[in-house]
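First the structure, which I've put down as C-alpha cells, then a few questions once you've had a look.
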Amino acid sequence: MSGGEVQASNSGYAAFTHRDFRLHCAARLLFGIALSMQTVAIGWYVYSVTKSPLALGLSGLSSFLPAALLALYTGHVADSYNRRTIIALSFAGCAAGSSGLVGLVWMGSDNLIAIYACILLSGASRAFANPAAQAFTPNLVPREHFANAVTWYSSVWQGSRIVGPTLGGVLYIFGPSLPFMIVALSFASGALLIASIKTDGKPQGGRGPINWETLSAGLRFIWSRQVIFGAISLDLVAVLFAGATALMPVVAQDILHVGPWGLGLLRAAPALGAVAMGAWVAYVPISGKAGKKMLWAVGIYGLATIGFGLSDHLLLSMLALFVVGAADQISVVVRHTMVQAETPDEMRGRVAAVNSIFISGSSDLGEFESGLTAAWWGTVPAIIVGGMATIGFAGLWSVIFPQLRDRDQLLGK
C-alpha cells in the first residue's frame, strides 16, 4: 500500500479505498434516488387523483406487506445464496414494478388497485434486496473500516434522498410519466453495478435447510441480545409514530400551498440533515456513550417532528425536517454498526431481514398509520401527537433497556 493509500485508509474516507465498496455505494445511490423519486411521484399522483390521506397511507401499506410477509424467508435466502446475485435480481424486479407504473401513469389511469399492485412488486423486490445488501456490506471492507463503511453507506442513502425527491418533483412538472421512466432506468443501472462487483457474494456458512429453526434464527439472535433488540425496537416505534412522510403531499398542497417542487424539497430536507450529520460522524466518530447519544437523538427526532407539524412556512418546515434527518442519522449509525458488527456472517441475512422489518417496514407502516390518524384527527394533530409519542418512547426505552442506555462503544470486544 502506498503512502497516499495508507493516509486515505486512516481518514474519514477509509471505506472508499476498497473498489467493491465504491461500486456497492454507487448502486445504493442509484437505488435510493430511484426509490425517492418514485415515492414523491406516487404520492403526488395518488393524492391528485383521490384527495385522500388514507389512499396515501395505503400506498405505504402496499410497500410494507411484502417485507412483513416474506421477512423470515428473505433472510434465509440471503444466508443461503449468492448475495450479489440476489441484490442484482431484486433491483431488476424494482425496475419491472416501475415500468408498470410508467404504463399506468402514461394512460392517465386512476386504477388504485393496479397502482398498488406495482408497488407490491417493488416492495417484494426490496424485501429480498435489503437483507442481502446489509449482509453483503461487511464482506467488502475489513473490520477496522466497518464503522466508517456504515457511516458512508448510510450517508450515501441519505444523499440519494436529497437528489431523488428534488429531481422527482421537478421532473413531475414536465409530465407524471417522466419521473417513473427515470426511476426504471436507475433501478436497472444499479443492478448492473452490483453485477460488476468482484467480491464473492456467497455466505460463509453455506446453504442450510428451510425449516422453522433456520428461518427464526434471526429473531432468536436479536432477542438474545437486548442491546440490539432495544436499539432496533426503539427505531421501530419512533418511525412508526413520528413518520409523517406520507402526509407531506397533504402538507405541501393544503398547508404550505406549494407544488410538486415544494414536495420534493420537503422530502429532501431530512436527507440533507442526515448527510450533514453523516459527514460529521465520519470525521468525528461516536467514540463513547453511544447508547445515550442514540436515546437523545430519538428524543430530538420527536421534538423536531412536532416543530414540523406546527409550521406553516416552507423554510421553517424544511428546517424542522433537516433536524429530523440529522437526529435520525445518529440512530442509524449506532444501530447498524452494532447489528452488523456483532452478527456472525452466516446469520447476517436473517438478522438483517428482521432489522429491515423493524426499520424499512416501520417507515412504510408508519405512512399507513399517519394516513389513518390524519383521516381521523386531521393532518397537524396527527403529526404533533406522533412526535410527542416518540419523545415518550425514548424516555421509556432508557428505563426498560438499561443495557442500551449504558452502552459505551459502538463496536463490542
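The values are calculated or read from the model by the stated rules, or taken from the named source; none is laboratory data. What you see is a predicted model; the values in this text were computed from it and never measured. As a convention, Cβ positions derive from the backbone with ideal geometry for all residues, glycine included, and neighbour counts pool all protein chains shown.
All but one of (1) surrounded by fewer than 23 Cβ atoms within 10 Å (Cβ to Cβ); (2) modelled with pLDDT of 90 or more hold for Ser317, so report the exception by its number.
Just one mismatch for Ser317, condition (1).
Could you list all residues from the stretch 236-285 that are charged (D, E, K, R) and crowded, with 24+ Cβ neighbours inside 10 Å?
Scanning the stretch 236-285 gives a single hit, Arg267.
Quick check: is even one residue across the stretch 58-65 over 20 Å from Gly264 (Cα atoms) and not in a helix (DSSP H, G or I)?
No, because not a single residue in the stretch 58-65 is over 20 Å from Gly264 (Cα atoms) and not in a helix (DSSP H, G or I).
Could you please find all residues in the stretch 39-53 being surrounded by 15 or more Cβ atoms within 10 Å (Cβ to Cβ) and either in a helix (DSSP H, G or I) or not small (Gly, Ala, Ser) (or both)?
Hits for the stretch 39-53 are Thr39, Val40, Ala41, Ile42, Gly43, Trp44, Tyr45, Val46, Tyr47, Val49, Pro53.
Could you figure out which of (1) among the aliphatic types (A, V, I, L, M); (2) surrounded by fewer than 23 Cβ atoms within 10 Å (Cβ to Cβ); (3) under 28 Å from Thr50 (Cβ atoms) isn't true of Val156?
For Val156, the failing item is (3).
So Asp312 passes all but one of these: (1) closer than 23 Å to Pro249 by Cα; (2) buried (at least 24 other Cβ atoms within 10 Å of the Cβ). Which condition number does it fail?
(2)
Can you pull out every residue in the stretch 18-40 that is in contact (Cβ under 8 Å) with a residue 24 or more places away in the chain and within 22 Å of Ala147 (Cβ to Cβ)?
Of the residues in the stretch 18-40, the ones in contact (Cβ under 8 Å) with a residue 24 or more places away in the chain are 18-21, 23-40.
Of everything in the stretch 18-40, those that are in contact (Cβ under 8 Å) with a residue 24 or more places away in the chain and within 22 Å of Ala147 (Cβ to Cβ) turn out to be His18, Arg19, Asp20, Phe21, Leu23, His24, Cys25, Ala26, Ala27, Arg28, Leu29, Gly32.
Scan (1) surrounded by 22 or more Cβ atoms within 10 Å (Cβ to Cβ); (2) on the phi > 0 side of the Ramachandran plot for the single condition Phe187 breaks and write down its number.
Every listed condition holds for Phe187 apart from (2).
Hey, does the stretch 102-118 have a residue that's among the hydrophobic types (A, V, I, L, M, F, W, C), out of contact with any Lys or Arg (no Cβ under 9 Å at 6 or more places or on another chain) and within 17 Å of Ala67 (Cα to Cα)? Talk me through it step by step, then tell me what you get.
Going through the stretch 102-118, the residues among the hydrophobic types (A, V, I, L, M, F, W, C) turn out to be 102, 104-107, 112-115, 117-118.
When the remaining residues are screened for being out of contact with any Lys or Arg (no Cβ under 9 Å at 6 or more places or on another chain), the result is 102, 104-107, 112-115, 117-118.
Narrowing further to those that are within 17 Å of Ala67 (Cα to Cα): 117-118.
Yes; the residues of the stretch 102-118 include at least one that is among the hydrophobic types (A, V, I, L, M, F, W, C), out of contact with any Lys or Arg (no Cβ under 9 Å at 6 or more places or on another chain) and within 17 Å of Ala67 (Cα to Cα).
Oh, and also: On the basis of being in contact (Cβ under 8 Å) with a residue 40 or more places away in the chain and touching a Pro at 6+ places or on another chain (Cβ under 8 Å), does Ala15 make the cut?
In short, no.
Exactly one of these conditions fails for Tyr81: (1) of a type in the set (Ser, Thr, Tyr); (2) touching a residue at least 60 places away in the same chain (Cβ under 8 Å); (3) part of a helix (DSSP H, G or I). Give me its number.
All conditions are met except number (3).
Being free of Cβ contacts under 8 Å to residues at least 12 places away in the same chain and either closer than 16 Å to Gly164 by Cα or assigned to a helix (DSSP H, G or I) (or both) is the filter here; which residues of the stretch 262-304 pass it?
Listed by number, the list holds a single entry, Trp280.
Separate question: Within the stretch 46-66, can one find any residue that is closer than 23 Å to Val156 by Cβ and within 21 Å of the chain's Cα centre (by Cα)?
yes
Could you count how many residues in the stretch 85-113 are loosely packed, with under 15 Cβ neighbours inside 10 Å and touching a residue at least 12 places away in the same chain (Cβ under 8 Å)?
3
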